[in-house]
Structure formats: C-alpha cells, structure tokens
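Have a look at the structure below, then the notes.
What follows is calculated from the coordinates using simple rules that are stated; it is not laboratory data. None of these values were measured; they are calculated from a predicted model. When we count neighbours, we look across all protein chains shown, and the Cβ atoms used for this are built from the backbone with ideal geometry, even at glycine.
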C-alpha cells in the first residue's frame with residue numbers, strides 16, 4: 001500500500017489533483033463561513049425577508065442560486081473523484097475527458113460572468129464608494145475572489161495539460177439542455193420568491209432578470225445571451241483541442257518520415 005501511494009505521489013497529475021482539491025475546498029469552506037455565517041455577505045439583519053426562517057438560511061439560498069457557486073462546488077467534487085479513480089479516471093463517466101471538458105466550460109463561464117460582472121459594475125458608477133463591490137467585508141471579499149480566480153484557473157490549466165492526446169466532440173445539444181435546466185430552476189425560484197414578497201436576490205444575475213434591460217436590448221434576449229455564451233465557449237475549447245491534436249499528429253508524421 002505504501003509503495004502504491006509513493007508511486008502516485010511521483011505522478012504530477014495525482015499531485016495536481018490533490019493540491020487543487022485541497023485548495024478549492026479550503027477556499028470554498030472559508031467563503032461559506034464568512035459570507036453566510038459571520039459577515040452575511042448577501043443579506044443583513046436589517047434587510048432580511050420574512051419568507052426565510054433565518055438570515056443564515058437566506059444567505060445560503062442566495063449563494064446556491066449562483067451559477068458560480070454551483071460550478072465551483074462541482075469542480076471540487078470532480079477533483080476529489082478524479083483522485084479516487086486516478087488510475088481509472090477515463091472509465092468513470094464523471095471523471096472522463098468528456099465530463100472534464102464540460103465542467104471546464106462551465107467553470108470558464110463562471111469566471112467570465114463573475115469577473116466581467118465585477119468589472120462592468122465597478123466602472124458603471126463614477127462614485128466607487130457607493131458601489132457594493134467596495135463595501136464588502138474584507139474576509140468575504142478576499143476568500144470569494146480567490147475562489148472565483150483559483151478554481152477556474154486550476155481546472156482550465158489541467159484540461160490544457162491533459163487533453164492534448166485526446167480528440168473529442170462535445171454534444172452542443174446537451175450543453176443547451178443543461179442551460180435550459182439551470183434557467184428553469186432560476187425562474188421557478190424567482191416565481192416562488194416573488195409570490196412570497198421577497199425583495200432580495202430574486203435573480204442571481206441581472207442578465208437572467210426579464211425585468212432588467214441590459215444596455216437597452218429587449219428583455220427576452222437576456223437568456224439567449226447566456227445560451228450563446230455557453231455555446232461559444234464550447235466551440236472555443238473544441239477549436240483549441242483540434243489545434244493541439246492536429247499539431248501532435250503532424251509531429252508524429254514528421255518523426256515517422
């Protein structure tokens with residue numbers, strides 16, 4: 001058993017998974033503690049809605065409604081299962097290359113939504129002191145930013161380092177179905193909250209809110225933009241994979257010649 005683990009620790013992929021799993025887990029736990037239990041990042045005691053029994057429950061519900069929170073949690077689980085099935089990761093449906101590329105696409109969307117959203121929100125107001133971005137408590141802000149930065153980077157780098165020997169195709173239809181499922185969950189949740197006179201965080205993102213117009217475009221285009229973002233990111237990764245695969249194939253042909 002000791003020799004088996006010693007051999008695994010010589011494998012850079014195993015070490016990468018282990019360190020990634022530990023780091024993302026720690027950041028996620030710290031983010032939950034500071035944002036939900038101690039600093040009440042989303043909703044404070046002064047603006048808590050009566051629909052929820054406690055401020056902790058409302059903050060936790062808000063956090064779970066975010067695409068970013070969901071994908072970060074799943075990335076952490078993916079690294080954990082990938083460790084468990086390290087020698088057989090490609091035979092496991094959750095850890096194989098297809099699941100890996102799908103999850104990398106989702107966490108990339110997380111990074112784009114989170115960081116683009118922060119940038120747009122920050123520069124949209126001249127008085128930065130009035131911006132929520134600058135009002136967040138330090139620990140919540142620090143841990144969440146690290147979590148939303150580290151998790152996508154670790155997943156993206158691992159995919160780039162490991163998919164060069166594989167050529168794969170992604171089913172765009174499945175990507176579309178997943179987005180529709182997420183949007184359905186968001187709108188059902190919003191309907192329940194509105195019916196119970198909830199005022200805070202009915203929608204996790206303004207782009208999903210039909211009552212909010214983005215740069216003056218028609219409201220119904222909001223969800224279409226989300227779907228297009230998913231599809232375009234998928235095509236981008238497929239293009240990178242095709243480029244790597246073609247390059248390696250050409251190198252093999254040159255060596256044979």
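Here the simple spin-label model places points 7 Å from the Cα toward Cβ, and for residue 44 and residue 25 these points are separated by 3.5 nm.
Compared with the alpha-carbon gap, the fully stretched path from residue 181 to residue 112 is longer by 22.8 nm at 0.36 nm per residue. Highest mean packing comes first when the peptides 52-60, 104-112 are listed by Cβ atoms within 10 Å, giving 104-112, 52-60. For residue 98 and residue 145, a Förster radius of 25 Å and the Cβ-Cβ distance give a FRET efficiency of 0.25, rounded to the nearest 0.05.
As a proxy for reagent exposure, 78, 67, 115 were ordered by neighbouring Cβ count within 10 angstrom, fewest first; the result is 115, 67, 78.
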